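Asker: Questions regarding the structure given below will be posed in turn.
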Amino acid sequence: MKNLKIILLLLIYATALTKAQDLISLPDCYVAARNSHPSSGEKQIQHELWQMADQNLVSTWYPEISAGANVIYNSRVTDLSETLSAIPIPGLSDNIGGMPKDQYKLTLDINQVLWDGGAIRNKRKLEEAALLVKEQEIEVELYKIKERVNTVFFGLVLLDRQESLLDAYLELLEEQSRSANSAIENGLVLPSDLNSIRAEKI
């Protein structure tokens, strides 16, 4: 419904331009309707979305680096000094102290796709095929607009021709009315003939 209103407004505007500038072509109406339709910019948006999705898929081939850190603090730890002092090795218990209460762990992971069996390449092809389908759907929608423009444009041309015919017919009736008035004044025709011409004019 909204599209039809836009087309009608464009064609009314085109008709006004026709009166002012003498001519507006059907291809001009096609271009104006296509540019004002909401789907006209959707093709570009779909292409940009496809580019972003494709870049995301390509980025899965790049190495992925992740880092992590972990800190643990134990309130109680095992003290081995008494157990080690029972072993008959001199100085063993002095060299090995108790376990520390805090522990630190840092990790660095690097993941690289070496072979994916063509999964990423196939996903890229699938995304491209989906883009082509969406673009064709948009073209079908825009083609429907062309059909509506044809209907309204030729309807307006027909109305314009009918108006011209009616104007010519009214001029003919005016001429017949003047002739009938002259004939009535000269007594050649009855006044009822003039009334039939007036009725036809109305």
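Throughout, read-outs are computed from the coordinates displayed, never taken from laboratory work. Keep in mind the model is a prediction, meaning the values are calculated, not measured. Every residue, glycine among them, receives a Cβ derived from its backbone with ideal geometry; neighbour counts consider all protein chains shown.
Asker: Could you compute the FRET efficiency for ASP167 and GLU137, with r as their C-beta to C-beta distance and R0 at 41 Å, rounded to 0.05?
Answerer: The pair ASP167/GLU137 has a calculated efficiency of 0.35.
Asker: What spacing in nm lies between the two simple spin-label points modelled at ALA69 and ALA53, each 7 Å away from Cα in the Cβ direction?
Answerer: 4.0
Asker: Positive end of the charge dipole of the stretch 101-186 (Lys, Arg +1 and Asp, Glu -1 on Cβ, about the Cα centre): tell me which of ASN111, LEU170, GLN136 has its Cα farthest that way.
Answerer: So the residue furthest toward the plus end is ASN111.
Asker: So what J values fall out for the stretch 193-198 if you push phi through Karplus, 6.51 cos²θ - 1.76 cosθ + 1.60 with θ = phi - 60°, rounded to Hz, Gly and Pro as x?
Answerer: Running phi through 6.51 cos²θ - 1.76 cosθ + 1.60 with θ = phi - 60° gives 5, 5, 5, 5, 5, 5 Hz.
Asker: Around TRP50, under 15 Å between beta carbons, what's the net of Lys plus Arg minus Asp minus Glu among the other residues?
Answerer: -2
Asker: Ok, one more. When only DSSP loop residues count, what trypsin sites (Lys or Arg not before Pro) in the stretch 23-79 have their Cβ near at most 13 other Cβ atoms within 10 Å?
Answerer: Here the sparse-neighbourhood loop sites are ARG76.
Asker: Could you check the simple spin-label distance between LEU106 and GLN44, using points 7 Å along Cα→Cβ, in nm with one decimal?
Answerer: Distance between label points: 4.9 nm.
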